[in-house]
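Chemist: I have a structure I would like to understand better, so I am pasting it below and will then ask my questions one at a time.
The values are calculated or read from the model by the stated rules, or taken from the named source; none is laboratory data. Just so we're clear, the structure is a prediction, and the values are computed from it rather than from any experiment. Don't worry about glycine lacking a Cβ; one is built from the backbone with ideal geometry, like all the others, and counts go over all protein chains shown. When the accessible area is computed, the model is the full protein with side chains, heavy atoms only, and any ligands, DNA or RNA have been set aside. Shrake-Rupley method; radii C 1.70, N 1.55, O 1.52, S 1.80 Å.
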Amino acid sequence: MSQLNVTLFPQLADNYVYILQCQETGEVALVDCPDAEPMFAKLEELNLAPSAIWLTHHHWDHINGTSDLVKRWPNLTVYAYEGDSHRIDKVTNWLKEGDKVRLGNCEAEVIFTPGHTLGHIAYHFADSNVLLCGDTMFAAGCGRVFEGTFPQMHESLQKLGALPPKTKVYCGHEYTASNVRFALSVDPNNEALQQFQSEVTTARANNQPTIPTTLALEWKVNPFLRVGNPAIQQAAKASGADISDPAAVFEAIRRQKDNF
Ligand code: FE
Ligand code: ZN
């Protein structure tokens, strides 16, 4: 298997589009795109033309650029979760859990991660240790539970968390600074988290992305993943959660974040 290059491209206030390229064949795909116009300019600058767009979920800030991209490149392959056929346009290939998607000589596996939406998927390139996880996991955070249940979102995060620790995590938004502020409110004595906050502060002050993070780091700093940790359980207990149930710990912490 070939290795994958990932280029991050900020759009709107805090979205990230990812430009994937197979190192061997040069084939290019985008992951999500809210707005095609700036994408055209960026791809022109890089002298690249995409053969596909891989969508993570139906929210407008992830899919709205699709139809203009298809106008520009009529042969574009558009991938999305099969359960969202009623609400995502222009899709050519429907995906489900465990499907394999190829980009040149690179291959990703589709991981179904419902919770943020009921049709959310992530893409995992095992050979390149790259995870594209949309709005399921963020650096030191996770997406809001809009459509699914809290146990569903908890399960989705644990599923992603079970991938190899060296996995690089490319998420849909630059929310890290505010995520870290919340994480410290439930886990104030976590030295790895304090250290991460200073790195994030420096990066953002220099207008640098904090992405990718890694699963190894997330297991040290992400309160939504670390539901078995005593500090996180303590914080969940403060809002009345049954801490013997990991999904209940997750729910308590996620609700605290909603009101933070
Ligand atoms: Fe979203
Ligand atoms: Zn989003």
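Chemist: For ASN47 and GLU97, what is the calculated FRET efficiency with R₀ set at 41 Å and r taken between the beta-carbons, to the nearest 0.05?
Modeler: Details: r = 36 Å, r/R0 = 0.87.
Efficiency computed from Cβ-Cβ geometry: 0.70.
Chemist: Still on this structure: Using each residue's phi in the stretch 116-133, evaluate 6.51 cos²θ - 1.76 cosθ + 1.60 at θ = phi - 60° and report the 3J(HN,Hα) Karplus result to the nearest Hz, with x for Gly and Pro.
Modeler: 3J(HN,Hα) across the stretch 116-133, in whole Hz: 4, 10, 6, x, 7, 10, 10, 10, 10, 8, 4, 6, 9, 6, 10, 10, 10, 10.
Chemist: Would you kindly state how much longer the chain becomes between THR25 and TRP219 on full extension, computed as 0.36 nm times their sequence separation minus their alpha carbon distance, in nm to one decimal?
Modeler: 66.4 nm
Chemist: Against the globular-protein guess of 2.2 N^0.38 Å, express the Cα radius of gyration of the chain as a ratio, rounded to two decimals. Walk me through the numbers on the way to the answer.
Modeler: Values: Rg = 18.1 Å, N = 260, 2.2 N^0.38 = 18.2 Å.
My calculation over the Cα atoms of the chain gives 0.99.
Chemist: Further, regarding this structure: Using a 1.4 angstrom probe on heavy atoms only, work out the carbon and sulfur share of the accessible area of the stretch 1-122 in %. Please list the in-between numbers first.
Modeler: Details: 2310 of 5250 Å².
Summing carbon and sulfur atoms, their accessible area is 44 percent of the total for the stretch 1-122.
Chemist: Rounding to the nearest 10 and keeping the result within 0 to 90°, find how far the Cα-based axis of helix 246-258 lies from the longest principal axis of the chain.
Modeler: The angle comes out at about 80 degrees.
Chemist: Per residue, how much accessible area does the chain have with a 1.4 Å probe, in Å²?
Modeler: Values: 11090 Å² over 260 residues.
Ligands and nucleic acids excluded, the figure is 43 Å² per residue.
Chemist: Cα centroids of the stretch 45-72 and the stretch 185-199: how far apart, whole angstrom?
Modeler: 36 Å
Chemist: Here's another thing I want to ask about it. Pick out, in residue order, every one of the trypsin sites (Lys or Arg not before Pro) in the stretch 163-260 that is DSSP loop and has at most 10 other C-beta atoms within 10 Å; say none if there are none.
Modeler: Details: sites: LYS166, LYS168, ARG181, ARG204, LYS220, ARG226, LYS237, ARG254, ARG255, LYS257; in loops: LYS166, ARG226.
In loop regions of the stretch 163-260 (DSSP not H, G, I, E or B), the sparsely surrounded trypsin sites (Lys or Arg not before Pro) are LYS166.
Chemist: In whole Å and largest first, what semi-axes does the C-alpha gyration tensor of the stretch 14-107 yield when each eigenvalue is scaled by 5 and square-rooted?
Modeler: Working: eigenvalues 75, 58, 25 Å².
Semi-axes (√(5λ), whole Å): 19, 17, 11.
Chemist: Out of all DSSP beta bridges in the stretch 4-258, what portion is antiparallel? Express it as a percent rounded to 5.
Modeler: Working: 28 of 41 bridges.
The answer is about 70 percent antiparallel.
Chemist: What number, rounded to the nearest 500 deg cm²/dmol, is the helix-based mean residue ellipticity at 222 nm of the chain, given -39500 (n - 2.57) per DSSP H run of at least four residues and division by all its residues?
Modeler: Details: 9 runs with 89 residues, N = 260.
It lands at -10000 deg cm²/dmol.
Chemist: Could you work out how far helix 176-186 tilts from the main Cα principal axis of the chain, as a 0 to 90 degree angle to the nearest 10?
Modeler: Value to nearest ten degrees: 20.
Chemist: Amide H of GLY134: which non-local residues (sequence gap of 5 or more, or other chain) have their own amide H closer than 5 Å, using H built in the peptide plane?
Modeler: When sequence neighbours closer than 5 places are left aside, the close amide H contacts are GLY172.
Chemist: Are there any trypsin sites (Lys or Arg not before Pro) in the stretch 88-126 that are in a DSSP loop and have at most 14 other Cβ atoms within 10 Å? List them by number.
Modeler: On the way: sites: LYS90, LYS96, LYS100, ARG102; in loops: LYS90, LYS96.
Those that pass, being in a loop and sparsely packed, are LYS96.
Chemist: Using +1 at the Cβ of each Lys and Arg and -1 at the Cβ of each Asp and Glu in the chain, identify which of TYR81, ALA126, LEU217 lies farthest towards the dipole's positive end.
Modeler: Positive-end residue among those listed: LEU217.
Chemist: Quick one: compute the contact order of the chain, relative version, from alpha carbon pairs under 8 angstrom and 6+ residues apart, as a percent. Show your work: numbers first, answer last.
Modeler: Numbers: 527 pairs, mean separation 34.9, N = 260.
Over the chain, the number comes to 13 percent.
Chemist: On to the next question. Return one number: the angle in degrees, 0 to 90 and rounded to the nearest 10, between the long axis of the Cα atoms of helix 36-46 and the longest principal axis of the Cα atoms of the chain.
Modeler: 70 degrees
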